[in-house]
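The values are calculated or read from the model by the stated rules, or taken from the named source; none is laboratory data. All figures in this text were calculated on a predicted structure; none of them were measured in a lab. Note: ideal-geometry Cβ built from the backbone for every residue, glycine included; neighbour counts use all protein chains shown. Ligands, DNA and RNA are stripped out before the accessible areas are found, and what is left, the full protein with its side chains, is counted by its heavy atoms. Shrake-Rupley method; radii C 1.70, N 1.55, O 1.52, S 1.80 Å.
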Amino acid sequence: MAFCGFPGEWREAVDYDSLQFASYSVGDRVTAVGKLSFICAFDRQSWLKHYDYKGTDSLPEFCGMSGGPAFALRHLNFEFVGVIKEYAAGMDAIYFAHSGLIGSNGHIML
């Protein structure tokens with residue numbers, strides 16, 4: 001699975017009327033699946049490459065990435081499967097809401 005977003009700690013005020021949003025993306029395996037969500041608990045040592053943004057070789061926490069899309073590789077295509085719901089720092093895991101729970105207004109129906 002692959003997901004991406006705009007981490008809060010990488011957001012930067014460039015000027016009084018402009019912001020810069022650096023993006024981050026990663027691929028990892030799904031470790032648990034439920035009716036309302038699925039989870040990626042990270043094994044950072046197995047990651048092949050870390051993104052280098054302004055001298056950082058990794059992103060310690062994924063706070064601020066809620067709403068970012070998640071994709072599963074199926075039959076050589078990436079299929080949209082959900083959105084980032086929350087980051088659990090104590091578990092170093094991200095919870096995702098299934099794409100079928102996203103209403104036409106963008107709200108997650110629980």
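Measuring with a 1.4 Å probe in the full set of protein chains, what accessible area per residue, in whole Å², belongs to the chain?
64 Å²
On the full set of protein chains, 1.4 Å probe, figure out the accessible area of GLU61 and give it in Å² to the nearest 10.
The accessible area of GLU61 comes to roughly 80 Å².
Long-range amide H contacts for GLY67: which residues qualify at under 5 Å (H placed 1.01 Å from N, peptide plane, sequence gap of 5 or more or a different chain)?
For GLY67, the qualifying residues are ILE84, LYS85.
Please calculate the 1.4 Å probe accessible area of VAL30, with all protein chains present, and give it to the nearest 10 Å².
Solvent-accessible area, nearest 10 Å²: 60 Å².
Please give the charge dipole size of the chain, origin at the Cα centre, charges +1 on K and R Cβ atoms and -1 on D and E Cβ atoms. Round to the nearest 20 debye.
Dipole of the chain, to the nearest 20 debye: 480 debye.
For the chain, what does the alpha-carbon gyration tensor say about shape, rounded, prolate or oblate, given a ≥ b ≥ c as the root eigenvalues, a/c under 1.5 as rounded, and a/b over b/c as prolate?
Taking the square roots of the gyration eigenvalues as a ≥ b ≥ c, the chain is oblate.
Largest first and to the nearest Å, give the Cα extent of the stretch 1-42 along each principal axis.
Extents along the principal axes: 43, 20, 12 Å.
When the accessible area of the chain is computed with all protein chains present and a 1.4 Å probe, what percentage of it is carbon and sulfur?
55 percent
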